[in-house]
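> Shown below is the structure under consideration.
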Amino acid sequence: MEPDGWAVAGLDTNFYAVAPSQIVPGTLLGRPAEVRFTAVGFHWDYGDGTSASRRTAGWTWQQLRTPEFGPTPTSHVYSRVGEYTIRLQIDYRAEYRFDAPDFVPISGTIALPANDLHITVGDAKTVLVNRDCAADPHGPGC
C-alpha cells in the first residue's frame, strides 16, 4: 500500500497486490507434471466497513505516473481517522500440464488470503499548497 502503513483521511490510499503466476512442478506416474496458478480476482476488505472486488492487482503511483494521494483503479479513501486492518483475498485460476507442452485449464478458482495490512489513518492540516484551492478545493492540501 501507499503510503506504507499510514494514510490521510479524505485522500486516496493506493492498494496493490504482488501476485505473480506461480508454477508448481512435480512428478506423476514417473513423468513431469506442473500446475500453474494465476491471480484473476482481488477482494479487498478495507477495515472500515467497505470492500471492493477488482480484476486487477493494481500498480504503484510511480508505475501509473500518478501523483501521490492521486486516485488509482485500486485506491480507497478513508473518511475517518483511526486504526484499520486491511484484508485481501486473491482468486487464482489453475492450469495443469502432464508430460505435454501446453497447459490445460481447470474449471473454477481457488481463493486464498494474503497477508493482513495494518494502517493508521490521520488527518493533515497544511498551510502551503501547490495550487489555487479556490479553483480546485479537492486538491491535496486544500
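Read the figures in this text as sums done on the coordinates, not as results from a lab. Because the structure is predicted, anything quoted here is derived from the model rather than measured. Positions of Cβ are backbone-derived with ideal geometry, glycine not excepted, and every protein chain shown enters the neighbour counts.
> I'd like the distance between the alpha-carbon centres of segment 67-114 and segment 1-61, rounded to an integer number of Å.
Cα centroid to Cα centroid, the span is 3 Å.
> Let's see if you can work this out: charge +1 on each Lys and Arg Cβ, -1 on each Asp and Glu Cβ, no other charges. What is the dipole magnitude of the chain about its Cα centre, in debye to the nearest 20?
With only Lys, Arg, Asp and Glu charged at Cβ, the dipole is about 280 debye.
> Kindly give the semi-axes, whole Å and largest first, of the ellipsoid equivalent to the chain, taking each as the square root of 5 times a Cα gyration tensor eigenvalue. Please list the in-between numbers first.
Numbers: eigenvalues 336, 47, 24 Å².
Square roots of five times the eigenvalues give 41, 15, 11 Å.
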